[in-house]
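Written below as structure tokens is the structure these notes are about.
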Amino acid sequence: MENHPAPRGSEGCLTVAVRLPVRVVVSVLVVPVRMVWDLLVAGAKALRRVVLAPVWRVLVVIPFGWLYRAVLTPAGHAVAWLGSAVGAGLGAVARGLGTALVWGVGTLLVAPLAWVYRVVLTPAGRAVGAGVARLARGVGAVLGWVARAVFVWPWAALWRWVLAPVLRYGLLVPAGFLYRYLLTPAGHGIARVVALAGAGLAALGVVLVVIPARWLYRTVLTPLGRAVLVVVRETGAAIGFGWRAAGFVSRAVGRGLAWLARTLVGRPARWVYEVLLTPVGHWVRDAVLRPVRRALREAGRAARAALASARETVRTARRDAWRALVGGPPRELPEHRARTLGSTTTASGAVPAPEISLSKAEG
């Protein structure tokens, strides 16, 4: 058997009369609002994806990541190591001081006090306590007998033989008689009068308040409430219908604009990039940039070779000049990286040059 949906209840003429105008008005008002809303949402998403996310990454994520990796992490490791070292030292010192203090207190204070307590105070306390206990038992017995004789026996006799008979026959018996034969009948009568008066007031309230209020509720408030409920329900349904319809319209407009953008901008730009810019870029890279880079590399090599040749030429000329001035084979002084002529700068890890002149070196 097929499950058919349950039929909706019959709709009144008020519902049918209100539904169509309300839906038309709400649709006219909601469609522009929904389209503006979708446009704002799309713009906000694009702004967040294109501007805010890169700016956030460049200004916050990358600097703070570098700061955390390059500064805070090493500083934290150094502080942790220093703290652990200081803690270990303080712990060792505290353990030594604690051991010494415990030994001193136990040897110099606790042991003598324990001996005094065990040998002197304990026997003396036991003897004094036994005597005080016996004396306290005797004094307590005497005081107990005196207290009973003064405070208990007279008051017990007074209550039993004087106060109890007076209270019983002077107060309780007359009060019971008054309650049973006077107050109880009077209370029953007052309760009946109050019940009759309450019944009369209730009947009067029903006649003057309940019946008119019930008539007003059935005749006026119920139809008015149903009409307001119909208007509110249909307005809400119309707003929901208009919002959904506006969503369909907004999505259709968005798809159309996207298709136009792809057709008029995206595809021509892609064609220009693939057909024109890519071959031109490859040609510039292969025909211009690589030869220029190769030529610059060769020029650098030639310049370094020329500098080396010039340096060797200068060295040969200096050797020949020295031979012409002094005679004999020149004696080349060892080169020192530690000191240069006219400078006092010393390179790290180099042996200082000897402080002598050329004539002394040759002599």
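The values are calculated or read from the model by the stated rules, or taken from the named source; none is laboratory data. The structure presented is a predicted model; accordingly, all values stated were derived computationally and were not measured. Here the Cβ positions follow ideal geometry from the backbone for every residue, glycine too, while neighbour counts run over all protein chains shown. Remember, those area values only see protein heavy atoms, side chains included, never the ligands or the DNA or RNA. Shrake-Rupley method; radii C 1.70, N 1.55, O 1.52, S 1.80 Å.
Computed with a 1.4 Å probe over protein heavy atoms only, the accessible surface of the stretch 71-226 comes to 84 Å² per residue. Most tightly packed first, judged by the mean number of other beta-carbon atoms within 10 Å of their residues, the peptides 232-240, 209-217 read 232-240, 209-217. Projected onto the charge dipole of the stretch 28-158 (+1 at Lys/Arg Cβ, -1 at Asp/Glu Cβ, origin at the Cα centre), which of ALA70, THR122, VAL150 gives the Cα projection farthest towards the positive end? About the Cα centre, the residue reaching furthest to the positive side is VAL150.
In this Cβ point-charge picture (+1 for Lys and Arg, -1 for Asp and Glu), the stretch 106-214 has a dipole of about 300 debye about its Cα centre. Where the centroid of each part is defined by its Cα atoms, how far is the stretch 32-66 from the stretch 178-215 in Å? The stretch 32-66 and the stretch 178-215 have Cα centres separated by 76 Å.
Dipole check for the stretch 215-309: with +1 at the C-beta of Lys and Arg, -1 at the C-beta of Asp and Glu, and the Cα centre as origin, the magnitude is about 320 Debye. Of the accessible area of the stretch 108-246, computed with a 1.4 Å probe over protein heavy atoms only, carbon and sulfur atoms account for 78 percent. Rounded to the nearest 0.05, what FRET efficiency do ARG180 and TRP215 give with R0 = 35 Å and r taken as the Cβ-Cβ distance? Could you check? With R0 = 35 Å, the Cβ-Cβ based efficiency is 0.10.
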